[in-house]
1. Just to be sure I understand: with springs between alpha-carbon atoms less than 10 Å apart, which residue in Asn208, Asn152, Asn28 has the highest mean-square fluctuation in the Gaussian network model of the chain?
2. What does the charge dipole of the chain about its Cα centre add up to, to the nearest 20 debye, if the Cβ of each Lys and Arg holds +1 and the Cβ of each Asp and Glu holds -1?
3. Once the Cβ-Cβ distance between Arg230 and Arg179 is put in as r, and R0 is 22 Å, what FRET efficiency do you end up with, to the nearest 0.05?
4. Given the pairs Lys184/Lys238; Lys55/Lys195; Lys40/Lys87; Lys23/Lys184, which span a C-alpha to C-alpha distance of over 29 angstrom in this model?
5. Could you pull out the trypsin sites (Lys or Arg not before Pro) across the stretch 148-202 that fall in loop regions by DSSP (anything but H, G, I, E, B) with no more than 11 other Cβ atoms inside 10 Å?
6. So if each residue of separation counts as 0.36 nm, and I subtract the Cα-Cα distance between Glu301 and Asn196, what length gain in nm does that give?
7. How far apart, in nm, are the 7 Å Cα→Cβ label points at Lys82 and Ser311?
8. Please check which bits of the stretch 16-44 a label hung off Asp143 would reach, taking the label as a point 7 Å along Cα-to-C-beta and the cut-off as backbone N under 12 Å.
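Please treat every number below as a calculation from the coordinates, not as lab data. The structure displayed is predicted, hence computed values, not measured ones. A quick note on method: Cβ atoms are made from the backbone with ideal geometry, for glycine too, and the neighbour counts reach across all protein chains shown.
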Amino acid sequence: MLSTAEIGIDLGTANILIYSKTKGIVLNEPSVVAIDVNTKQVVAVGAEAKEMVGKTPQNIVPIRPLRDGVIADYDVTTQMLKELLKKVSKKLGLSMRKPTVVVCTPSGSTSVERRAIHNAVTSYGAKHVHLIEEPVAAAIGSDLPVDEPVANVIVDIGGGTSEVGIISFGGVVSCNSVRIGGDKMDDEIIHHIRKNYNILIGERTAENIKMEIGYAQADHKEETMEIRGRDMVTGLPKTVTITSTEIYTALKESLEQILEAIRSTLENCPPELSGDIVDHGIVLTGGGSLLSGMQEWLADEIIVPVHLAPSPLESVAIGTGRAIKMISKLQKAAK
Ligand code: ADP
Ligand code: MG
């Protein structure tokens, strides 16, 4: 008899990852869907749909159904999930097995949205579906000893949100979420270029600028980058050279808001756990933690050690996969 497959899904606002216990990460795609508005059909999902952002004819619209950390459109979210499950099901042999699935949903999702996701995964043939809280999944996937009675502080900077959680003894002691993440940083870059150069750039260009010359610290070796966009006066394409210092300035406010969320969570930490934080520090994960200088900047600001998770873009997916083991252990113990 075939053993039951076990799958973890990180339904992130920027990226969706699917993790299989036996095969590791089997899918890692942007949370984007391209829809034909005339027929309401899904034309493409994932990387293929992200390629279309800002480049499609009018009837084809790329949608990010999880924008801003909430499930803005759960019909589209479930369609996207089903398409992506279909894509990996062959690899995983899902048609033959009834997998146990653990899904990590954005913390801002409502019970209605959670139910919709639960149903979408169940209708795909899952035997058991469990939903897990983001900070817990992120902490497990970052190798933190979440079962121990010590304060594990995890900061997950994603696309739509940044989540700060303190986990001890397997549970969330305190957590905080702000709707500021990589998307907001991209928006600030678009705004900066428009205001200072009268040039319109798209989201993908902004994201590239952030990854190439974005810094969290004022003090860094200045870099420059040549960018292209549309001149708002002439309407024609135009190239300009921008510096990392001006991008730093554009990102500053978003970064301050993330810092504020971390500070207030640490301030609300039970005093018995505060000592642990001074010793062990905090762990950064999520794609936003890869911004250059992030770790050093935060360490200077909060004056506790700041560590980077082993694979920030994969922590949550790995954590959901590992959580299955814990959940099945608990179920076995209950029998
Ligand atoms: P989510 O969990 O919300 O799907 P992710 O953890 O996948 O988000 O992170 C996606 C965000 O991380 C995006 O905004 C992306 O631009 C950003 N990101 C990825 N790599 C880098 C990098 N090297 N520097 C700065 N930001 C990055
Ligand atoms: Mg995430």
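1. It is Asn208.
2. Dipole about the Cα centre, nearest 20: 2040 debye.
3. Step by step, r from the Cβ atoms, then E = 0.15.
4. Details: Lys184/Lys238 24 Å; Lys55/Lys195 23 Å; Lys40/Lys87 20 Å; Lys23/Lys184 34 Å.
Going by Cα-Cα distance, Lys23/Lys184 fall outside the 29 Å limit.
5. When the trypsin sites (Lys or Arg not before Pro) of the stretch 148-202 are filtered for loop state and at most 11 Cβ neighbours within 10 Å, nothing remains.
6. Length difference between fully extended and current span is 34.9 nm.
7. In this crude label model, Lys82 to Ser311 measures out at 3.0 nm.
8. It comes to no residues whatsoever.
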